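Scroll down for the structure; my scribbles are underneath it.
The values are calculated or read from the model by the stated rules, or taken from the named source; none is laboratory data. These numbers come from a predicted model, not from an experiment. Note: ideal-geometry Cβ built from the backbone for every residue, glycine included; neighbour counts use all protein chains shown. All accessible areas refer to the heavy atoms of the entire protein, side chains included, with ligands and DNA or RNA removed. Shrake-Rupley method; radii C 1.70, N 1.55, O 1.52, S 1.80 Å.
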Amino acid sequence: MKRLNLDQSYLMRTLFRLLEIPSPTGLTDTIVHVMCHELKKLGIPFELTRRGAIRANMPGKVQSPDRAIVAHLDTLGAMVKNLRANGRIEVVPVGTWSPRFAEGARVTVYMEDDRSYRGTILPLKASGHTYNEEIDTQPTAWSNLEVRVDMESNSRQDLEEAGFNVGDFIAIDPDPEFTDNGYIVSRHLDDKAGVAAILTAAKAIVEAKVPLELDCHLLFTISEEVGVGASHVLHGDVAELVSVDNGTLAPGQNTSEFGVTISMQDSSGPFDRHLTSKLIDLCRTHKIEHARDVFNHYRSDAAAAMEAGNDIRTALLCFGLDASHGYERTHIQSLMSLADLLSLYIQSPPTFTRDRDLLGPLADFPHQPELEKHMEDPPQT
């Protein structure tokens, strides 16, 4: 394994391009095309599932067992629930996010026949000149929000004649800003920042022509925000799966704002101890800034893969993210640390050679030396 030169400007350009593309869960075809075009430019072959999840293939010396790295292209969004008598649109969320972060958002409503309208998500009582203090006392709830479409619309009939329908997708503007001191502020950094970091690591490996120990699949899913994740894009040869997503910066959390964070557990349970330890050791050996964290209200692509019945080792690598599922902020240094670790992991040998088989003997099963005193017949050293 060797440390590679990572193209920071490529990471930033790629991230900005991805943020520009609306991709709420269910409206991801365009970003899939853009991703596939980018993979073509990098010279990385790929294939698609029926609905558009991407599996790119970086060949290695050994085809099985192989590994996979996964991130999701879909983002949070909303959908038209009803057309109101006042000419405005009732909304429901796509994915799990707070209505307090929806208030004031500029949006695009995507309709049939490739038409769209711009609009703004507003609380039902939006004008202080009319409602006075009631604008501050109305409950924060999706049922108290509506989309004001930028057209003359004063009735349900106006909306119907314009072509709006229940089920139209609503994409939330990202409003990205890249500051001079390295901060990146935008909606939907979850998980487009992770995708950009993976592509940056892959680009470095391709350009350096580094021979890989084993095949590595880059997986890009399209419905993680609604819980489907990597359940539909794996194949049986994958023995270890590293999910890439955000780590939350908040009181009580231990996520690194400027480094990479290795999650020890999320709401679906602990990650594989051996694979996680390997990633931590790579950080230590190569002096990559890192931290460990546990997330109580969080699940990633890896959870869906496990729940689908895949017997694989999983781990979760995170970039630091403040205000997740809201007005998010990360730092370029965190994304570069993540890309650095990923480039090393892709070059590394398999965590266990025995993992090439779904079933195997006890003889080569890993030991836990600190617990061997509890064994009936401890191994001879």
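From the list Thr120, Thr130, the one residue that fits, being out of contact with any Phe, Trp or Tyr (no Cβ under 9 Å at 6 or more places or on another chain), over 18 Å from Glu161 (Cβ atoms) and not in a strand (DSSP E or B), is Thr130. Looking across Ala308, Ala315, Ala363, one residue alone is of a type in the set (Gly, Ala, Ser) and under 17 Å from Gly194 (Cβ atoms). It is Ala315. Being open to solvent by less than 30 Å² (accessible area, probe 1.4 Å) and in a helix (DSSP H, G or I) is the filter here; which residues of region 152-185 pass it? Hits for region 152-185 are Leu159, Ala162. Using the structure shown, decide if Val70 is modelled with pLDDT under 95, more than 30 Å from Arg118 (Cβ to Cβ) and among the β-branched types (Val, Ile, Thr). Against the criterion (modelled with pLDDT under 95, more than 30 Å from Arg118 (Cβ to Cβ) and among the β-branched types (Val, Ile, Thr)), Val70 does not qualify. Of all residues in region 100-126, those that are free of Cβ contacts under 8 Å to residues at least 40 places away in the same chain and over 18 Å from Asn82 (Cβ atoms) have Cβ atoms under 6 Å from Cβ atoms of residues that are of a type in the set (Val, Ile, Thr) and surrounded by 14 or more Cβ atoms within 10 Å (Cβ to Cβ), 6 or more apart or on another chain, in Ser116/Thr108; Arg118/Thr108; Lys125/Ile135.
One line per residue, one yes/no per condition, for (1) in a loop (DSSP other than H, G, I, E, B); (2) within 17 Å of the chain's Cα centre (by Cα); (3) within 20 Å of Thr351 (Cα to Cα); (4) among the aromatic types (Phe, Trp, Tyr):
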site: Arg284; (1), (2), (3), (4): no, no, yes, no
site: His297; (1), (2), (3), (4): yes, yes, no, no
site: Ala302; (1), (2), (3), (4): no, yes, yes, no
site: Asn310; (1), (2), (3), (4): yes, no, yes, no
site: Leu321; (1), (2), (3), (4): no, yes, no, no
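Only residues that are free of Cβ contacts under 8 Å to residues at least 40 places away in the same chain and of a type in the set (A, V, I, L, M, F, W, C) were counted across region 136-163, and they come to 1. Within region 59-75, the residues that satisfy the criterion of being in contact with an Asp or Glu (Cβ under 7 Å, 6 or more places away or on another chain) and more than 30 Å from Asp173 (Cα to Cα) are Pro59, Gly60, Lys61, Val62, Gln63, Ser64, Pro65, Asp66, Arg67. For region 240-262, taking the residues that are outside any strand (DSSP E or B) and open to solvent by less than 40 Å² (accessible area, probe 1.4 Å), the one that is nearest to Met306 (Cα to Cα) is identified as Thr255.
Yes/no per residue for (1) in a strand (DSSP E or B); (2) modelled with pLDDT under 95; (3) of a type in the set (D, E, K, R):
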residue	(1), (2), (3)
Cys318	yes, no, no
Arg329	yes, no, yes
Leu335	no, no, no
Glu370	no, yes, yes
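The set of residues in region 47-72 being small (Gly, Ala, Ser), open to solvent by 10 Å² or more (accessible area, probe 1.4 Å) and touching a strand residue (DSSP E or B) at 6+ places or on another chain (Cβ under 6 Å) consists of Gly60 alone. Scanning region 301-338 for residues that are out of contact with any strand residue (DSSP E or B) (no Cβ under 9 Å at 6 or more places or on another chain) and either without any contact (Cβ under 8 Å) to a residue 12 or more places away in the chain or open to solvent by less than 10 Å² (accessible area, probe 1.4 Å) (or both) yields Gly309, Gly326. When Thr75 is tested against (1) among the hydroxyl-bearing types (Ser, Thr, Tyr); (2) within 30 Å of Val238 (Cβ to Cβ); (3) open to solvent by 70 Å² or more (accessible area, probe 1.4 Å), just one condition goes unmet, and that condition is (3).
Do we find that Glu103 is closer than 12 Å to Trp142 by Cβ, open to solvent by 10 Å² or more (accessible area, probe 1.4 Å) and either of a type in the set (A, V, I, L, M, F, W, C) or not in a loop (DSSP other than H, G, I, E, B) (or both) in this structure? Answer is no for this residue.
Of all the numbered requirements in (1) of a type outside the set (Gly, Ala, Ser); (2) in a loop (DSSP other than H, G, I, E, B); (3) more than 20 Å from Leu189 (Cα to Cα); (4) in contact with a strand residue (DSSP E or B) (Cβ under 8 Å, 6 or more places away or on another chain), Gln265 misses one, and that requirement is (2).
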